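The structure appears below as structure tokens.
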């Protein structure tokens, strides 16, 4: 049996605190990048404001989750901040912004996405792999197709 100082310690004494510590670390890592409004009864305006605040705060995972949430929310007021993220030097943010703009379907984003199509990975640091560039180009094609489809429909 292991001895700690002047007393003997069994695995039954060590294992439960160790498992509790591992579980706590797993929970922290699992929720580190999560973004969600604190109150599910928030109005769309409150949700929009909440997600927009997340774009510039915390870890990059939080910003990417907020960008995706803005795309799902579909509020056209998020277009301008999302257009600003097309120049982001981080691949995940840029790709999430492209996808969100395609989901929102605001035709005003079409010109910016077409400009980005010439060099989707321009200005990214570190330079993405060929697989990452292909995924970004694919996301961009999908967003452009969605926007070109919504361009012919009247804006509510």
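Quick rundown of the values:
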read-out: Residue 133 vs. criteria surrounded by 14 or more Cβ atoms within 10 Å (Cβ to Cβ) and assigned to a helix (DSSP H, G or I); value: yes
read-out: Close pairs from region 110-125: first in contact (Cβ under 8 Å) with a residue 40 or more places away in the chain, partner in a helix (DSSP H, G or I), Cβ under 8 Å, at least 6 apart; value: 110/144; 110/147; 110/148; 110/151
read-out: Residue in region 88-95 that is exposed (fewer than 13 other Cβ atoms within 10 Å of the Cβ) and either at pLDDT below 90 or not in a helix (DSSP H, G or I) (or both) present; value: yes
read-out: Spans of helices (runs of 4 or more DSSP H) in region 1-82 with at least 1 residues closer than 16 Å to residue 100 by Cα, in contact with a helix residue (DSSP H, G or I) (Cβ under 9 Å, 6 or more places away or on another chain) and at pLDDT 75 or above; value: 44-54, 60-73
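The values are calculated or read from the model by the stated rules, or taken from the named source; none is laboratory data. Everything quoted here is computed from the prediction, not taken from an experiment. Cβ: placed from backbone, ideal geometry, glycine included. Neighbour counts: every protein chain shown.
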